[in-house]
Amino acid sequence: GAGVVSSAVSVFFVNVEDDASQSGILYGLYRVKLVATFIFLILASVIVYLLFDFIGSGWTILCCIIVGQVFGVFVGQITEAFTVSTCISKSAADGGATGPIFLVIKALAYGFFSCIG
């Protein structure tokens, strides 16, 4: 419920120029992601307040939601950095010039590296 509403509302915050570069588009998406996260956290706080006692288990549930959202945004940013970055993609593609096995090894190495940050 709260995630769908926050995503639907955050669509109205998309603002990218017509001749925007890739970094401009990525910044626009990043801004919308943060707006959706903020709206979701507010809605989740209200839902937890209405359903649970904040003094007891409600506070624990809300903290878990906040930590999950923060780490979710962090993992999304790391994933975006490793999949959108042209230098990493170009380096992996250049590895394929000598043969397909080098492309597989290089892409696998970048995948492992992206998992450890």
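The values are calculated or read from the model by the stated rules, or taken from the named source; none is laboratory data. Since we're looking at a predicted model, the values are computed, not measured. With ideal geometry, Cβ positions are generated from the backbone for all residues, glycine too; neighbour counts draw on all protein chains shown. Just the protein is used for accessible areas: all its heavy atoms, side chains included, with ligands, DNA and RNA removed. Shrake-Rupley method; radii C 1.70, N 1.55, O 1.52, S 1.80 Å.
For GLY24, all conditions in the list (1) without any contact (Cβ under 8 Å) to a residue 40 or more places away in the chain; (2) part of a helix (DSSP H, G or I); (3) over 19 Å from VAL84 (Cα atoms) hold save one; what is the number of the exception?
Unmet condition: (3).
Quick one: GLY58 ticks every box in (1) modelled with pLDDT of 90 or more; (2) in contact with a helix residue (DSSP H, G or I) (Cβ under 8 Å, 6 or more places away or on another chain); (3) not hydrophobic (A, V, I, L, M, F, W, C) bar one, so which box is it?
(1)
Output the residues belonging to the range 12-51 that are within 17 Å of the chain's Cα centre (by Cα), of a type in the set (S, T, N, Q) and at pLDDT 90 or above.
Filtering the range 12-51 for residues within 17 Å of the chain's Cα centre (by Cα) gives 13-14, 22-41.
Checking which are of a type in the set (S, T, N, Q) leaves us with 22-23, 37.
Answer for the range 12-51, where residues must be within 17 Å of the chain's Cα centre (by Cα), of a type in the set (S, T, N, Q) and at pLDDT 90 or above: just THR37.
For VAL9, all conditions in the list (1) under 22 Å from the mean Cα position of the chain (by Cα); (2) over 21 Å from GLU80 (Cβ atoms); (3) open to solvent by 80 Å² or more (accessible area, probe 1.4 Å) hold save one; what is the number of the exception?
It fails just one condition, (3).
Restricting the range 97-117 to residues that are outside any helix (DSSP H, G or I) and at pLDDT 70 or above, which is least open to solvent (accessible area, probe 1.4 Å)?
First, pick out the residues of the range 97-117 that are outside any helix (DSSP H, G or I): 97-99, 117.
Filter once more, keeping what is at pLDDT 70 or above: 97-99.
Values: ALA97: 90, THR98: 105, GLY99: 14 Å².
My answer is GLY99.
Could you check, for the range 64-82, whether at least one of its residues is open to solvent by 80 Å² or more (accessible area, probe 1.4 Å), over 29 Å from ILE116 (Cα atoms) and out of contact with any His (no Cβ under 8 Å at 6 or more places or on another chain)? Spell out the reasoning first.
So in the range 64-82, the residues open to solvent by 80 Å² or more (accessible area, probe 1.4 Å) come out as 64, 70-71, 74-75.
Subsequent filtering for residues that are over 29 Å from ILE116 (Cα atoms) retains none.
No: the range 64-82 contains no residue that is open to solvent by 80 Å² or more (accessible area, probe 1.4 Å), over 29 Å from ILE116 (Cα atoms) and out of contact with any His (no Cβ under 8 Å at 6 or more places or on another chain).
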